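> First, the structure itself, so that you have it in front of you.
Bear in mind these aren't lab numbers, they're just calculated from the coordinates by the rules spelled out. These figures come from a predicted structure and were not determined experimentally. Here the Cβ is made from the backbone with ideal geometry for all residues, glycine too, and neighbour counts use every protein chain on show.
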Amino acid sequence: MAKSKENNEFWSWIKVIVIALAIAIIIQSFIFTPMVINGRSMQPNLEHGNRIVVNKIGKINRFDIIVFSYNQQREYIKRIIGLPGDKIEYIGDVLYINGEKHEEPYLDELKSENRSVLFTSNFKVEEVSKGHVFVLGDNRRNSEDSRHIGEIKMTDIIGKPSIVYWPIKDLTLLNRDYILDEKKKAKK
């Protein structure tokens, strides 16, 4: 009798462990996944080595930071600048989307470092293709982005970073303008 009770407890624990592992796999596969930022293309807003949680659900919008797979070989993290059908143009360090000037406050710190040289080289995109987005890194002088690798298929988008959890000093809930907001608070 005692052996049967121990056997039942053992199998109960095994069931709990299997269920917990299945839930963890489902969450990581379909909802959230951890990632380490590899590279400096999003500096100073996201740093090389930051550990983030990527949210795989939800709508993407212009200026959101996204993680995507490029040629199924490597994951990139960039900012969406153009959506399908958009005409994009950079003239004299100013972004125009569909002929309308757009501010990029997340670049203010970088742009102020050296005003004598364009931060973002002039370029023009006639139209972002259907089912694609045009992305740029925040560190425009050091970013392999849509100017180099082309438009990104929406089906290659993995998700949006939602939390920086490491290093602890950078612990932050993310949104489109989170860095700007946090840096303004720190300077006050």
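> Among (1) of a type outside the set (Phe, Trp, Tyr); (2) in a loop (DSSP other than H, G, I, E, B); (3) under 22 Å from residue 164 (Cβ atoms); (4) more than 12 Å from the chain's Cα centre (by Cα), where does residue 72 come up short?
Result: residue 72 fails condition (3) only.
> Looking only at strands (runs of 3 or more DSSP E) that fall completely inside the stretch 79-145, which ones have 1 or more residues that are of a type in the set (Phe, Trp, Tyr) and at negative phi?
Where strands (runs of 3 or more DSSP E) fall fully within the stretch 79-145 and carry at least 1 residues being of a type in the set (Phe, Trp, Tyr) and at negative phi, they are 88-91, 94-97, 123-125, 132-136.
> Go through the residues of the stretch 15-36 one by one and say whether even a single one is assigned to a loop (DSSP other than H, G, I, E, B) and out of contact with any strand residue (DSSP E or B) (no Cβ under 6 Å at 6 or more places or on another chain).
Yes.
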